[in-house]
Amino acid sequence: MVVSLFHGTISPSACSAATFTYPIIPDIKFLSLEANLVDNFSQNVPVGGYPNHGAVNVTGARFCNVSTIYTHLGGNDAVNVQVWLPTDTWNGRLQGIGGSGWTGGLPGPALPGMAAAISEGYSTYATDAGLGLSADSITPVSWALPEEGKPNMRLLQNLASDSLYEGALIAKNFTAAFYAKPAAYSYFSGCSQGGRQGLMLAQRYPDVFDGIAAGAPGINWNPFVVGAIYPNFLMSLYGVYPPSCEVAVLTAAAIKACDGLDGVVDGIISDPEACEFDPLELVGTAIQCPDFWDGPRRANNSRMWYGPYPDAVLSKGGSGVTPIGTTCSANGTCTMDPITLFQEWVRLFVLKNSTADTSHLSLAEYEEIFDAAAREYDSVIGTANPDLSAFRRAGGKMITYHGLADPLIPPRGTEQYYKRVTALDPKVHDFYRLFFAPGLAHCHGGPGPFPDTTFDTLVRWVEDGVAPETLVATSVGTGPVIKRPLCAYPLKQKYSKGTGDFICAVPDGLGAMASGLTPTPVANVNDEAGTTIAPRLSRRWMQDNHETYDDAPWDDDGDKNGVISHTFEGRLDNLYDQEEQGEMEESQALSCIEVAGG
């Protein structure tokens, strides 16, 4: 727990509506305010419930729950904000908690995080963005399209950005009123939608928070969301719906082929870009089609967006949230389980038709949907502005981590954004650092280590000036437990046979981009119980273990069969070439989606 910056006492009688006044926010009208004292509150918050933290067991907490509702003038909305104020243990800091899926935070996703935050002494808040306290994180159907042809732009604007700023001002105001002094530091923490919210705050409201922890951010909103339905589109286009077990065979084979490339066989692909697994080896009856891993491409073969890496779990029948979801009957007949989380964006916002059938799109229709989404909504929720200069001038610090086995939000999109930020500000490492987590799924889960130290590391950076060169991460539910620091991008994990350690090495040719980062040897030695020993965090150069990496865009090697090329040019001047989405040319990947027995 961080050191407390507040040494006063708060009387329970202060938890009264009379204690609080409304902040002045243009075009906002407050409708109600309630303050209720909550005593002896307990909740077990598991990993994932408290973004960028580990599990927390909350016991006997006491706090003041201040709930307010406001509306935007002429907006016909009602935005709920809850601010929780610990009465006994305030540490002098504010921590906002972000949302997930199609929610701004309230009702469900943010509440466990808020509980954990007050147990650690933070005043905390979350908003429902006006979507309603019954909003569903999987689908926006309850609010997105009140009338055919007319999406609810007021509520989308709330979710995208407005409620983030407004909620922060309200929380800061109520915190200062309750403790008779403002928070010394203000932080925002989220993952997925919450990660996107964090980046939006840095881009559009750069002086609101001192520190932002933004895990697996759903930035580049339109290409990532429309790109996420590409596997569904391909299955319908070819009329092939592989059962989840077949897709799992492909994933397992890719992991087996590429796991040991880092020098250790541990079920984790540390460097997916170096993985040259050929799925054709598993083909029985072949149907030539674009590779799901490659991501969507236009008819002219130019890249539209990225796909997941090979070790991401692509199929989980009946979940509605995996890229290649299918459900199968007892006789072996399989049908598509659409990825509802993203299909609804196409139906309700892009096509503006609640009954639109997207199951039989042509490639031309898919391309038009992709382009229309960008035209209409990039300025609203795109969250891809690489200019963070105002955030830097305000003194802000930000940390992003992203699992390399994330099946929902392609980590290459986060990498592309970070490269664009770096192109504008080569000293980006002074205020914003990115960490990739090998083997980690979306936000948490999977065989890889989860960086449960992210938020506390951010606090140390903001308040003590300790810039993180690594994030300590620990796997959850694996045997053995893997504890391994993650490397600050563009450094990559590489196993050194000479030392028996994983090291964070500078990819060859990226010296300029890695400016300000120190390659760090990382111990990863199993003890007798099978649990890895805590890592050594040395800051010395490991030039003797430095190996060659290339990180230039993929280059077509002229293979007539269109099999993916892993020939890399490795030149720094190519790093930022063709950054515009329509110009990112990569070699076509052709594979098959029917495995033997399918």
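The values are calculated or read from the model by the stated rules, or taken from the named source; none is laboratory data. Only a predicted model underlies this, so the values are computations on that prediction, with no experimental measurement involved. Cβ placement follows ideal geometry from the backbone for every residue including glycine, while neighbour counts extend to all protein chains displayed. Areas reflect the complete protein model, heavy atoms only, side chains present, ligands, DNA and RNA absent. Shrake-Rupley method; radii C 1.70, N 1.55, O 1.52, S 1.80 Å.
Within segment 162-179, does at least one residue satisfy the condition of being assigned to a helix (DSSP H, G or I), basic (Lys, Arg), open to solvent by 10 Å² or more (accessible area, probe 1.4 Å) and closer than 27 Å to residue 393 by Cβ? It would help to see each step written out before you state the result.
From segment 162-179, those assigned to a helix (DSSP H, G or I) are 162-179; that's our starting set.
Next, from what is left, pick out any that are basic (Lys, Arg): 172.
Those still in the list that are open to solvent by 10 Å² or more (accessible area, probe 1.4 Å) too: 172.
Those still in the list that are closer than 27 Å to residue 393 by Cβ too: 172.
Among the residues of segment 162-179, at least one is assigned to a helix (DSSP H, G or I), basic (Lys, Arg), open to solvent by 10 Å² or more (accessible area, probe 1.4 Å) and closer than 27 Å to residue 393 by Cβ, which makes the answer yes.
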Q) If you check residue 156 against the conditions, is it part of a helix (DSSP H, G or I), free of Cβ contacts under 8 Å to residues at least 40 places away in the same chain and within 14 Å of residue 381 (Cα to Cα)? A) no
Q | Pairs, first more than 12 Å from residue 449 (Cβ to Cβ) in segment 467-479, second part of a strand (DSSP E or B), C-beta under 7 Å, six or more apart | A | 468/399; 468/433; 468/488; 469/488
Q: Exactly one condition in (1) under 30 Å from residue 344 (Cβ atoms); (2) surrounded by fewer than 18 Cβ atoms within 10 Å (Cβ to Cβ); (3) of a type in the set (S, T, N, Q) is not met by residue 11; state its number.
A: (1)
Q | Single residue of segment 25-54 satisfying the filter (in contact (Cβ under 8 Å) with a residue 60 or more places away in the chain and among the aliphatic types (A, V, I, L, M)) that is nearest to residue 457 (Cα to Cα) | A | 47
Q: Search segment 288-310 for residues that are basic (Lys, Arg) and pair each with any residue that is modelled with pLDDT under 85 when their beta-carbon atoms are under 8 Å apart and the residues are at least 6 apart or on different chains.
A: 297/290; 297/588; 303/295; 303/581; 303/584; 303/585; 303/586
Q.
Anything in segment 328-374 that is open to solvent by less than 50 Å² (accessible area, probe 1.4 Å) and among the charged types (D, E, K, R)? List them, or say none.
A. 337, 344, 347, 352, 367, 371
Q. From the set of residues in segment 375-405 that are open to solvent by less than 30 Å² (accessible area, probe 1.4 Å) and part of a helix (DSSP H, G or I), which is farthest from residue 347 (Cα to Cα)?
A. 391
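Given the structure, is residue 89 open to solvent by 10 Å² or more (accessible area, probe 1.4 Å), within 30 Å of residue 474 (Cβ to Cβ), more than 24 Å from the chain's Cα centre (by Cα) and in contact (Cβ under 8 Å) with a residue 40 or more places away in the chain?
On the way: open to solvent by 10 Å² or more (accessible area, probe 1.4 Å): yes; within 30 Å of residue 474 (Cβ to Cβ): yes; more than 24 Å from the chain's Cα centre (by Cα): yes; in contact (Cβ under 8 Å) with a residue 40 or more places away in the chain: yes.
Considered against the rule, which asks whether it is open to solvent by 10 Å² or more (accessible area, probe 1.4 Å), within 30 Å of residue 474 (Cβ to Cβ), more than 24 Å from the chain's Cα centre (by Cα) and in contact (Cβ under 8 Å) with a residue 40 or more places away in the chain, residue 89 comes out as yes.
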**Q.** Candidates 52, 80 - the one that is surrounded by 20 or more Cβ atoms within 10 Å (Cβ to Cβ) and touching a Phe, Trp or Tyr at 6+ places or on another chain (Cβ under 6 Å)
**A.** 52
Q: Answer yes or no: is there a residue in segment 7-23 that is at positive phi, in contact (Cβ under 8 Å) with a residue 12 or more places away in the chain, assigned to a loop (DSSP other than H, G, I, E, B) and of a type outside the set (Gly, Ala, Ser).
A: no
Q) Can residue 75 be described as open to solvent by less than 70 Å² (accessible area, probe 1.4 Å) and closer than 28 Å to residue 454 by Cβ? A) no
Q) Can you name the condition, by its number, that residue 432 falls short on among (1) among the hydroxyl-bearing types (Ser, Thr, Tyr); (2) out of contact with any Leu (no Cβ under 8 Å at 6 or more places or on another chain); (3) modelled with pLDDT of 95 or more? A) (2)
Q: Test residue 255 against the criterion of being assigned to a loop (DSSP other than H, G, I, E, B) and open to solvent by less than 50 Å² (accessible area, probe 1.4 Å), and give yes or no.
A: no
